[in-house]
Amino acid sequence: MSGDVKAGTLVLVGCGQMGSAMLRGWLASGAAERFEIIEPAGPSAFADNSVISLHPDVAGLPASCQPDAVVLAVKPQAMDEVLPPYRRFARPETVFLSIAAGKTISGLARHLGDAAAIVRCMPNTPAAIGRAITVACANAHVTEHQRALCDALLAAIGESAWVAEEGLLDAVTAVSGSGPAYVFLLIEALAEAGCKMGLSPELALRLARSTVAGSGELAVRSSDPPSRLRENVTSPGGTTRAALDVLMSSDGLSALMQRAVAAATARSRELAS
């Protein structure tokens, strides 16, 4: 745990794919002394853990429960129905951490009260393997200690960063929240192009998948910017240069990606509530 920041009691509302990924990371890092899990389906994989209590709804929480953090990991469309009973935990010592896409801090505060300490964040699906990048934004009631606690909780699924302006989360959603889908599409497209050039589907997919994964890891580990890494692969008059002349044309990959991210940003703004 970063800085040994640790929660006494953590309430996790929703234990689906993202909630389960976070919980596994928290258990491994010792993020809290006690976990109270609210999940109607009952995440049986965690049923035998002595530091976890499972509840089908908020009514099952003990009356004495005073969590340091309440993590909201339910689907955005269910948030307005699920959230009102949790207003009882809206006290200065409790921070609410929401990973629901499109649910604004003001929208959450309508149910939790204007004095609630609320952090809204946008993780992405590599959380399933501990490689997420999550961007968070806090309201004025969140203390430095609570920020540090949220950082520690998010560290369980990968990296985290903060923005001061909540409106920037729309662009974050478009770049990193939706971004894994763009990368998966790149793998699909690269494999399909390989097939068109005569490779078997199995080999083309293996080449595309490993090339994207390895290149991404190189970009993470290297101190060079992506532009330098690209140049390192590109010989004048060579095969890579021939491909980049297509991809870097005026209507090539950069222009296409800008249109895609702009469309996703606009849609995120439309969905915000």
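Checked against the criterion of being modelled with pLDDT of 90 or more and of a type in the set (Gly, Ala, Ser), the candidates GLY25, GLY3, GLY8 yield just one match: GLY8.
Only one residue in SER176, SER227 is surrounded by 11 or more Cβ atoms within 10 Å (Cβ to Cβ) and not basic (Lys, Arg). Which one?
Values: SER227 fails: surrounded by 11 or more Cβ atoms within 10 Å (Cβ to Cβ).
Of SER176, SER227, the one residue that is surrounded by 11 or more Cβ atoms within 10 Å (Cβ to Cβ) and not basic (Lys, Arg) is SER176.
Look at (1) surrounded by fewer than 24 Cβ atoms within 10 Å (Cβ to Cβ); (2) touching a residue at least 12 places away in the same chain (Cβ under 8 Å) and you find that ALA140 fails only one, number (2).
With respect to being of a type in the set (A, V, I, L, M), under 23 Å from the mean Cα position of the chain (by Cα) and assigned to a loop (DSSP other than H, G, I, E, B), ALA213 falls outside the description. Looking at ALA152, ALA127, ALA101, ALA136, just one residue is more than 21 Å from TYR182 (Cβ to Cβ), of a type in the set (A, V, I, L, M) and outside any strand (DSSP E or B), and that residue is ALA152.
When region 133-186 is filtered for residues that are out of contact with any strand residue (DSSP E or B) (no Cβ under 6 Å at 6 or more places or on another chain) and acidic (Asp, Glu), the ones remaining, listed by number, are GLU144, GLU165, ASP170. State whether the residues of region 41-49 include one that is closer than 17 Å to CYS150 by Cα, crowded, with 17+ Cβ neighbours inside 10 Å and touching a helix residue (DSSP H, G or I) at 6+ places or on another chain (Cβ under 8 Å). Among the residues of region 41-49, not one is closer than 17 Å to CYS150 by Cα, crowded, with 17+ Cβ neighbours inside 10 Å and touching a helix residue (DSSP H, G or I) at 6+ places or on another chain (Cβ under 8 Å), which makes the answer no.
The values are calculated or read from the model by the stated rules, or taken from the named source; none is laboratory data. Because the structure is a prediction, the values reported are computed rather than measured. Methodologically, a virtual Cβ is constructed for each residue, glycine included, from the backbone with ideal geometry; neighbour enumeration extends over all protein chains shown.
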